[in-house]
Amino acid sequence: MRRFVFIAILDVLMTSVCSVTHSQSIKFNPKFDAVSEDEVKMTSYAPDTSAEAVVIYSGLRLSTYLDPQIEFNVEKTYRLRLKILKESAKGLADFQMLYRTDGNLSEKIYDIKVITYNWENGKVVKTKMGKEFIFDTKYSESVKKMAFTAQNVKVGSVIEVTYVRKNKQFWNIGEIDFQGRYPINSKEATLLIPEFLKFNVTPRGAIFYTHNTTYETKSIALGGGRTYDYNLLVENYKAINVPAMKAESHLFCINQYYSAVEYELRSIQFPNQLPQNYTTKWEDIDDQLFDSPLWTELNSSCKFKSEVDPIVKSDKTFEQKVCEIRNVVCSKVKWNKNVRMIPNKLASVLKDATGDNADINALVGSALIYAGYTVYPVLVKLRSSGNFSEYHVSSDAFDTYILKVISKDGQSVYLDAARDEAYLNVLPDAYLVPKARIIAKGHKSSWTDLTNLAENRIEFNVDATLDEDGMMNGKMTLKAENSQSYLIKRLLNSHEKDEELYSQLESGNSYTVISVSPTKAKDYSGECTVNVELEQQMQTSGDLIYVKPIIESLHPDRYFKSEKRTVPVDIDRLSTTTYKMHLTVPDGFAVEQLPSSATFGTLKNDFSANIIYKLSEDGKTIDVTYTFTDKALFVNPANYHDYRRFWQKMVQTEKETIVLKRK
């Protein structure tokens, strides 16, 4: 049983509640196309004047019913009334959702109605969206994308949307969120569930909604004039006056901390029958995937035999052969930047010469199997979609997969083959999870930790000379390894013009870039070096020059301003950063003040730093060595105060000043 996670702006807009009061802030008529003058003329939302938009009303009615063939059908009716308050929220007029088109999982989306309301010339003007603005396109072999855009949207507009989504996925109620990015005036959700379906209902976060349950009696015609009566469980949820849950820095997925309820089918029990248990084990999910294109395409015939054969026969190392085979595939099929779980048919991918990461991993994996290696898919729930729960057993628990490749003598590497800037055992930050599942047919599948596959390092070496006017000229060399190399390569390769790259390097810093010379930026490797020529004017006053030796903004002071934090701090990666400066003092100047060396860290020593200042015996050069290490990927809110103190200490350290005085 699989739940398909779809992209729909309505789900994003089901937002947060800190308290439930007796009446909503905005009075409204919940009927469709009953928007009032007051709603259209409203220019700000009193409970949150900073709000870019406010959800006046959000509604969901989910009805599960039996048809005459005794099959379950699910009909979901969505309603949204949204007020645009600032220019930055106009993008909310664009809606898109994915839906299935394969067999019993097929869905229909219909009865789409969109109206935009504006206040013009002293009256409400309505603009209805025509059918020509609804686009239904292929997304993958078994998935399509429905997209539409409200018309005539401007600051002050009210957008009203309704549509119906119908399928037979009776198990797929999923989550009902009660927190989100925008404040919500009123939200209602009604679920009608036949008594035969038994769900586990799990609340998440604080309970910021009201809930009540009633029952109705329904009848179904069995033919021959016979009917059958059954009970219908009616679950009603309501939330009002919901403040927005603001995004926090250093957090991959805020959605997982929203207040919500999650429904998961436990069993089906018809009268006079034993219950059918739908609680699955991870081994059951493995079996499902062995029958899916994930496994069959990965284990399909190699499409690059003539290119792979000479690589296999060469005397190169295991890792070199893996890289060369990967490069052969990626020279013929380019990544389209999409991340998915299930590959398309590889013959179609080859014909198009472009594919998702799942497609490219399958092509590379089949080639590596042909080369004689053992290859397993490793299922990953990305940090950007929330923390993985081992207790939520579902094939939809994962977002994508990477490859584990094992040589005949037992060496192993992991790779996401689609990414040119990555490498063996080098993954994007979102993939660095403590629990991913290795799918092994004929063997026992297992869990693996992806957080520390390689040692990640970056070193800044600054060799600079200061003149008597405080102008510093020098070269900064960046040497990056593994995940740090991946980030530097992405930065370098994301700009076509030097001016754009220089501007980004200068952002947040006080130096001016003269030139940039990268090495191995285009190579499929785990390292990269960048030489940056730069200059920076230091502050002067009379006979004094004030030198800030740490010229790179490593820990901006704009972060962690709040004294309290209710969500964790996510650290991008485990890594060690070293910053070194060798500074030549101008003739005729001596060091008046040199900061003290220091060592500091968090109480648990998950994060530590030290800085050392050294003045040469002749007083002509200064050496500064600053190192900090991140040994954890997660800071619990209970430890936030300690981590914030550590961050503020690093900010202070990076602002320390060396004072030079003319002799």
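Things worth noting here:
- Criterion applied to VAL378, VAL322 was being assigned to a strand (DSSP E or B), assigned by TED's automatic domain parsing to the domain that holds ASP287, aliphatic (A, V, I, L, M) and in contact (Cβ under 8 Å) with a residue 60 or more places away in the chain, and the one residue passing it is VAL378.
- Residue satisfying condition, being modelled with pLDDT under 95 and on the phi < 0 side of the Ramachandran plot, within set GLN151, GLN179: GLN179
- Any chance LEU98 is outside any helix (DSSP H, G or I) and within 14 Å of VAL158 (Cβ to Cβ): no
- Residue that is surrounded by fewer than 18 Cβ atoms within 10 Å (Cβ to Cβ), of a type in the set (A, V, I, L, M, F, W, C) and under 28 Å from GLY526 (Cα atoms), where the choices are VAL312, VAL308, VAL329, VAL322: VAL312
- Among residues of region 215-240 that are under 24 Å from THR190 (Cβ atoms) and among the aliphatic types (A, V, I, L, M), those with a Cβ under 6 angstrom from a residue that is outside any strand (DSSP E or B) and modelled with pLDDT under 90, sequence gap 6+ or separate chain, pair up as ALA239/VAL17; ALA239/PHE178; ALA239/TYR209; ILE240/GLN24.
- Of all the listed residues (VAL153, VAL158, VAL164, VAL124), the sole one being surrounded by fewer than 16 Cβ atoms within 10 Å (Cβ to Cβ), within 23 Å of LYS31 (Cα to Cα), of a type outside the set (Gly, Ala, Ser) and touching a helix residue (DSSP H, G or I) at 6+ places or on another chain (Cβ under 6 Å) is VAL124.
- Selection within region 529-547 - of a type in the set (Gly, Ala, Ser) and on the phi < 0 side of the Ramachandran plot: SER541
- Qualifying residue in region 233-242 (condition: outside the structural domain of LYS381 (by TED's automatic domain parsing), hydroxyl-bearing (Ser, Thr, Tyr) and over 20 Å from LEU60 (Cβ atoms)): no
- Only residues that are out of contact with any helix residue (DSSP H, G or I) (no Cβ under 6 Å at 6 or more places or on another chain) and over 18 Å from ARG573 (Cβ atoms) were counted in region 606-633, giving 16.
- All conditions but one from (1) in contact with a helix residue (DSSP H, G or I) (Cβ under 7 Å, 6 or more places away or on another chain); (2) over 28 Å from ASN73 (Cα atoms) apply to PHE148; the one that does not is (2).
- Counting only strands (runs of 3 or more DSSP E) that sit completely within region 594-663, those holding 3 or more residues that are farther than 30 Å from THR451 by Cα and in contact with a strand residue (DSSP E or B) (Cβ under 9 Å, 6 or more places away or on another chain) correspond to 607-615, 621-630, 658-662.
- The residue that is farthest from LEU192 (Cα to Cα), counting only those in region 202-214 that are in contact (Cβ under 8 Å) with a residue 24 or more places away in the chain and in a strand (DSSP E or B), is ARG204.
- Pairs linking a residue in region 411-438 that is buried (at least 20 other Cβ atoms within 10 Å of the Cβ) to a residue that is of a type in the set (Asp, Glu) and in a loop (DSSP other than H, G, I, E, B), with Cβ atoms under 7 Å and 6 or more positions apart or on different chains, are ALA422/ASP416; LEU427/ASP416; TYR431/ASP416.
- Annotation: of all residues in region 204-244 being touching a Phe, Trp or Tyr at 6+ places or on another chain (Cβ under 6 Å) and among the hydrophobic types (A, V, I, L, M, F, W, C), the one that is surrounded by the fewest Cβ atoms within 10 Å (Cβ to Cβ) is LEU222.
- Check on ASP463, closer than 30 Å to LEU660 by Cβ, in contact with a Lys or Arg (Cβ under 8 Å, 6 or more places away or on another chain), surrounded by fewer than 18 Cβ atoms within 10 Å (Cβ to Cβ) and at pLDDT 95 or above: yes
- Out of VAL329, VAL322, VAL405, VAL393, sole residue that is among the aliphatic types (A, V, I, L, M), in contact with a Ser or Thr (Cβ under 7 Å, 6 or more places away or on another chain) and at pLDDT 95 or above: VAL405
- Selection of region 263-295 for residues being under 15 Å from ILE342 (Cα atoms) and either part of a loop (DSSP other than H, G, I, E, B) or at pLDDT below 75 (or both) yields ASP291, SER292.
- Search result, residues across region 130-163 that are among the polar types (S, T, N, Q) and not in a loop (DSSP other than H, G, I, E, B): THR137, SER140, THR149, THR162
- Among the residues of region 107-124, those identified as without any contact (Cβ under 8 Å) to a residue 12 or more places away in the chain and in a strand (DSSP E or B) are GLU120, LYS123.
- Checking each residue in region 636-663 for being in contact with an Asp or Glu (Cβ under 7 Å, 6 or more places away or on another chain) and over 21 Å from GLU552 (Cβ atoms) picks out LYS661, ARG662.
- Matching option when the condition is loosely packed, with under 14 Cβ neighbours inside 10 Å and either among the hydroxyl-bearing types (Ser, Thr, Tyr) or within 28 Å of the chain's Cα centre (by Cα) (or both), among SER503, SER407, SER445: SER503
- Which listed residue is within 30 Å of TYR99 (Cβ to Cβ) and at pLDDT below 90, from ALA189, ALA221, ALA206: ALA221
- Counting only strands (runs of 3 or more DSSP E) that fall entirely inside region 460-570 and contain at least 1 residues that are among the small types (Gly, Ala, Ser) and touching a helix residue (DSSP H, G or I) at 6+ places or on another chain (Cβ under 9 Å), the qualifying elements are 471-481, 512-519.
- Test: ASN104 is part of a helix (DSSP H, G or I), under 30 Å from ALA221 (Cα atoms) and either in contact with a His (Cβ under 8 Å, 6 or more places away or on another chain) or not β-branched (Val, Ile, Thr) (or both): yes
- Enumeration of residues in region 83-126 that are of a type in the set (Asp, Glu) and touching a Phe, Trp or Tyr at 6+ places or on another chain (Cβ under 7 Å): GLU107, ASP111
- Annotation for region 498-509: no member residue is in contact (Cβ under 8 Å) with a residue 40 or more places away in the chain, within 30 Å of VAL659 (Cβ to Cβ), in the same structural domain as LYS620 (by TED's automatic domain parsing) and touching a Phe, Trp or Tyr at 6+ places or on another chain (Cβ under 6 Å).
- Selection status of LYS138, under 22 Å from ILE56 (Cβ atoms), surrounded by fewer than 16 Cβ atoms within 10 Å (Cβ to Cβ) and out of contact with any Cys (no Cβ under 7 Å at 6 or more places or on another chain): no
The values are calculated or read from the model by the stated rules, or taken from the named source; none is laboratory data. No experiment lies behind these values; they were computed from the predicted model shown. Note that we place each Cβ from the backbone using ideal geometry, even for glycine, and neighbour counts take in every protein chain shown.
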